[in-house]
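The values are calculated or read from the model by the stated rules, or taken from the named source; none is laboratory data. Because the structure is predicted, anything quoted here is derived from the model rather than measured. FYI the Cβ positions are ideal-geometry reconstructions off the backbone, even for glycines, and counts take in every protein chain you see. Heavy atoms of the whole protein, side chains included, go into the accessibility calculation; ligands, DNA and RNA do not. Shrake-Rupley method; radii C 1.70, N 1.55, O 1.52, S 1.80 Å.
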Amino acid sequence: MTSLVDRLASLSNLSEIPRVELEWLVEHGELEVHEPGAVVAPEGKPVEVLWLVLSGRTAVSVDRGAGPRRVMEWRAGEVSGMLPYSRMAATPGDNYVEETSELLTIHQRHFPEMVHRCPEFTAYTVHLMLDRARSFNTSALQDEKMIALGRLAAGLAHELNNPASATVRSAKQLIEGLAEVDATWRALGTAGLSDEQLDVIRQVRGSCLARRVEGVMSPLEQVEREDRIAEWLERHGLEPGQAASLADTAITVEGLDVLAGVTEGGALDVALRWIAAGCSAQSLALDIEDAATRIHELVAAVKRFTYMDNLAGPEPLDVAVGLRDTVRVLAAKAKSRASTVDLQTDPHLPRVHATGSELNQVWLNLIDNALDAVPEGGRIEVNARLELGQVVVRVIDDGPGIPADLVPKIFEPFFTTKAPGQGTGLGLDIAQRLVRRYRGDIVVESRPGRTEFRVILATE
């Protein structure tokens, strides 16, 4: 026993602990030797012992949804496992041995006596518990941020794919269309038309280019428009096959009548082909502009969402902007589930004092959870209002609700109702801690068909 006490006293972390306390620890402890790879406390299992590392190295690996990650380690002289006053019910990950280790283990049944007999060692373990909690919280927040970033990247990739594909497709068609514009212009130049005829043709083309086809026609409306134009072409002895290309432009039957009043036969046919080619080229160019604008807006929303250009700490924030950006980056997921996200914000909301990227992480977590909860075709309401001098944000879904016995547990670390691999059980815990950091709170009310998460934030 004396040699073991001497070994403990020689460890730098324990050198200030009175020898009488070290003797008590050795008397009530058991010496264990573990080889590399041994799991001394499996994930999810209750931990009933405290262990002092006499030699070697142990560590804990936690999987929060992004794969196992080593988050802490303990070397000679350090203490781990169950600590006095700790509320840890089970270990969040596997505690394992990395190097052959000697551990002095003390069962928690001895803790009440240890608190009285070893006050300085107990005080030391309390400081360790606080340090361990800070370390776990920091790593948990970082992991949750990475998972949130992964969800954001997946949604963004899906959202960017449509306008990017549209840009490539329209650009290819535009290249082909420009060749048609050039060919029809040359044909028009050799048709022997008078200046007056050319002026009328340019005017009809200009009126067509000045406006886009209004709205999006239904398939039936498009067919009816093509039929009317095809009939007009047949009445004027022209090939009805170009009705489809003319129907895609903004040209009207009245405009066609104006053209027929100054040209006929081959000249009319060439004029119509030139007008159709020009309008089609412009339409493709506008489609490219729309797609590029969509990409620009998405990138801008992500930059605002992540605060990539601002590494500052808490600052005055417009909650409405963060909510809009969050809804935008989750739009792809909402579409994939045929769900509706309705956002309503008070236009005169006062600002709150917070870190933008962290507050947006709260919105992302709540709205993303709501999308997971609702059935296909479900509805989510997000609103922000000023109530009793505070900014109140509500996220309401029409999903099945949270069972009453689980509501008190949803903010507990590592608690999740999702299938394995689909949730870390940290999102709501972290969201609550972030909100409370800014003098706020999160409240939940749930019943079948209506679950409401209410975030209350202090104004500046």
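If only residues of the range 286-309 that are crowded, with 17+ Cβ neighbours inside 10 Å and more than 30 Å from Gln361 (Cβ to Cβ) are counted, the one that is modelled with the highest pLDDT is Ile288. Within the range 200-220, the set of residues being surrounded by 12 or more Cβ atoms within 10 Å (Cβ to Cβ) and either assigned to a helix (DSSP H, G or I) or modelled with pLDDT of 85 or more (or both) comprises Val200, Ile201, Arg202, Gln203, Val204, Arg205, Ser207, Cys208, Leu209.
If you check Gly401 against the conditions, is it over 27 Å from Pro314 (Cα atoms), open to solvent by less than 40 Å² (accessible area, probe 1.4 Å), modelled with pLDDT of 85 or more and not in a strand (DSSP E or B)?
For Gly401, the condition - over 27 Å from Pro314 (Cα atoms), open to solvent by less than 40 Å² (accessible area, probe 1.4 Å), modelled with pLDDT of 85 or more and not in a strand (DSSP E or B) - is met.
For the range 111-123, the candidate set comprises residues that are over 47 Å from the mean Cα position of the chain (by Cα) and surrounded by 13 or more Cβ atoms within 10 Å (Cβ to Cβ); within that set, the residue that is nearest to Leu14 (Cα to Cα) is Cys118. Every test in (1) within 17 Å of the chain's Cα centre (by Cα); (2) open to solvent by 20 Å² or more (accessible area, probe 1.4 Å); (3) at pLDDT below 85; (4) more than 28 Å from Arg447 (Cα to Cα) is passed by Val321 save one, and that test is (3). Restricting attention to the range 245-285, the residues being open to solvent by less than 40 Å² (accessible area, probe 1.4 Å) and under 44 Å from the mean Cα position of the chain (by Cα) number 11. Go through the range 23-41 and report how many residues are without any contact (Cβ under 8 Å) to a residue 60 or more places away in the chain and open to solvent by 60 Å² or more (accessible area, probe 1.4 Å). Qualifying residue count for the region: 3.
If you scan the range 337-380, which residues turn out to be of a type in the set (Gly, Ala, Ser) and within 19 Å of Pro400 (Cα to Cα)?
Across the range 337-380, the qualifying residues are Ala338, Ser339, Ala370, Ala373, Gly377, Gly378.
Taking the criterion of being surrounded by fewer than 18 Cβ atoms within 10 Å (Cβ to Cβ), touching a residue at least 12 places away in the same chain (Cβ under 8 Å) and either within 16 Å of Cys118 (Cβ to Cβ) or in contact with a helix residue (DSSP H, G or I) (Cβ under 6 Å, 6 or more places away or on another chain) (or both), the residues of the range 6-22 that qualify are Ala9, Asn13, Glu16, Pro18, Arg19. Would you check if there is a residue in the range 22-41 being under 23 Å from Phe111 (Cα atoms) and at pLDDT below 80? No, the range 22-41 contains no residue that is under 23 Å from Phe111 (Cα atoms) and at pLDDT below 80. Checked against (1) open to solvent by 60 Å² or more (accessible area, probe 1.4 Å); (2) touching a Leu at 6+ places or on another chain (Cβ under 6 Å), Pro46 passes all but condition (2).
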